[in-house]
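Working notes for the structure below.
The values are calculated or read from the model by the stated rules, or taken from the named source; none is laboratory data. Here the structure is a predicted model, which is why all the values come from computation and not from measurement. FYI the Cβ positions are ideal-geometry reconstructions off the backbone, even for glycines, and counts take in every protein chain you see.
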Amino acid sequence: MIRIILPFGFQAATTQNSCHPDRSRGISLRIAKSFRYMLITLVCWLLLGAVTAFASGQNAAASSTVPVAKRTDAKAEDIYAFSEPVSAARFAYLTREFRCLVCQNQSLSESNAPLAQDLRKTISILIKQGRTDPEIKTYLVQRYGDFVMYRPGFTSKTVLLWLGPFALLLFGLGIVVFMRWR
Amino acid sequence: MHVIAFLWLFLFFLAVVLRQGLSLDPRRLPSALINKPLPDFNLATVEGGAPIRFTQKTFLGKVSLLNVWASWCASCQTEHPVLMKIAKTHEVNIYGLDYKDKRADAHRWLKTLGNPYVDVGFDEQGSLGIDLGVYGTPETYIIDQDGIIRYKWVGPLTDAVWEQELLPIVQKLTRGGVSTS
């Protein structure tokens with residue numbers, strides 16, 4: 001039964017006599033091969049990730065020029081009419097950068113929770129007061145913590161979040177290199 | 001074969017970490033204001049009329065609880081008997097913050113359910129709520145003698161939560177209560 005559960009590569013290691021010197025080399029070769037496929041998959045995944053991230057970045061840049069009043073998901077926003085289109089664009093951009101802490105998978109722009117409404121209002125006021133984007137981000141992070149941002153800044157607390165995947169990738173690469181070297 | 005053993009160990013470690021992640025509640029967020037002083041505020045109390053007297057200075061000199069509630073909040077009603085019990089123990093002063101509420105509703109609430117609060121600030125617009133990082137009522141903060149936020153509990157208090165989580169902190173702060181300012 002164990003055979004079925006184990007991922008490819010590990011099966012060989014557990015089902016064969018690993019103490020036998022002749023066989024162990026064959027096994028490590030098989031494992032090295034399976035890791036090569038894993039590596040290829042990882043690289044493909046990384047490339048795909050980079051492409052989609054780039055594409056969505058382009059999208060965000062394009063859509064942030066759309067005035068917020070025209071968007072269907074921001075019904076109540078007519079009251080936050082901005083005299084300058086730049087401010088409207090900034091409002092649209094900022095409300096999409098922050099998480100609504102009540103409905104955590106919705107941004108402030110999408111959510112209709114009372115807290116999201118209040119924070120939209122607060123952001124519109126801050127924009128009208130002439131605060132810059134980084135100032136508004138600090139304002140919210142000081143009150144609600146890093147979690148309020150979908151893309152938190154690079155700090156000691158978020159270092160694992162940003163670098164974790166790359167550390168795991170390096171770890172995998174290290175294993176592959178070690179196996180081939182053996 | 002050491003590598004295989006090492007890999008298994010690593011996978012096991014990863015599984016433990018991921019399993020741990022599942023048991024965390026994403027709704028229970030740490031407050032960004034722990035160990036920071038209370039923000040500036042000037043609020044009228046829920047009784048109204050009297051001049052503004054609910055400020056951060058209200059909290060100086062003793063350990064207190066700040067309970068954020070509203071009459072429209074169902075879990076606040078569940079929590080209310082627990083607050084009444086805590087008030088009777090005289091372990092700590094309880095202050096309330098009536099969050100985005102109507103005065104008449106709040107009055108009715110305190111009259112019918114009882115008033116465990118020394119004083120209740122009236123935050124009609126939710127502005128102090130935003131400064132405190134309130135994202136869901138009820139929330140309860142522990143404020144020390146110097147007006148510094150030491151702890152935040154999100155969600156209704158229960159007897160168990162009070163006895164196991166908040167009371168030890170309150171007692172520790174009270175014991176170590178030499179005001180430094």
Revision key, fill the gap. Scanning segment A:80-108 for residues that are within 18 Å of A:Lys137 (Cα to Cα) and β-branched (Val, Ile, Thr), the one surrounded by the fewest Cβ atoms within 10 Å (Cβ to Cβ) turns out to be A:Val86
Exercise for review: Mind listing just one residue for me: the one in segment A:156-182 that is in contact (Cβ under 8 Å) with a residue 40 or more places away in the chain and within 12 Å of chain B (Cβ to nearest Cβ) and, of those, farthest from A:Leu39 (Cα to Cα)?
Suggested key: A:Arg182
Exercise for review: Within segment A:111-130, identify whether any single residue is touching a Leu at 6+ places or on another chain (Cβ under 9 Å), more than 21 Å from A:Ala81 (Cβ to Cβ) and at pLDDT below 90, and answer yes or no.
Suggested key: yes
Review point. Out of all the residues in segment B:12-34, is one or more away from chain A (no Cβ under 14 Å) and closer than 30 Å to A:Tyr139 by Cβ?
Key: no
Practice item. State whether the residues of segment A:91-104 include one that is without any contact (Cβ under 8 Å) to a residue 12 or more places away in the chain and away from every other protein chain (no Cβ under 12 Å). Key: no
Revision key, fill the gap. Here the residues within segment A:109-128 that are surrounded by fewer than 21 Cβ atoms within 10 Å (Cβ to Cβ) and assigned to a helix (DSSP H, G or I) are A:Pro114, A:Gln117, A:Asp118, A:Lys121, A:Thr122, A:Ile125, A:Leu126, A:Lys128
Check your understanding: Would a scan of segment B:108-128 turn up a residue that is assigned to a loop (DSSP other than H, G, I, E, B), in contact with a Pro (Cβ under 9 Å, 6 or more places away or on another chain) and either within 14 Å of another protein chain (Cβ to nearest Cβ) or among the basic types (Lys, Arg) (or both)?
Key -> yes
Review point. Applying the selection to segment B:111-135, what residues are of a type outside the set (Ser, Thr, Tyr), within 15 Å of B:Ala70 (Cα to Cα) and surrounded by fewer than 19 Cβ atoms within 10 Å (Cβ to Cβ)?
Key: B:Lys111, B:Leu113, B:Gly114, B:Asn115, B:Asp119, B:Glu124, B:Gln125
Practice item. Any chance you could count how many residues in segment A:80-100 are of a type in the set (Asp, Glu) and within 17 Å of the chain's Cα centre (by Cα)? Key: 1
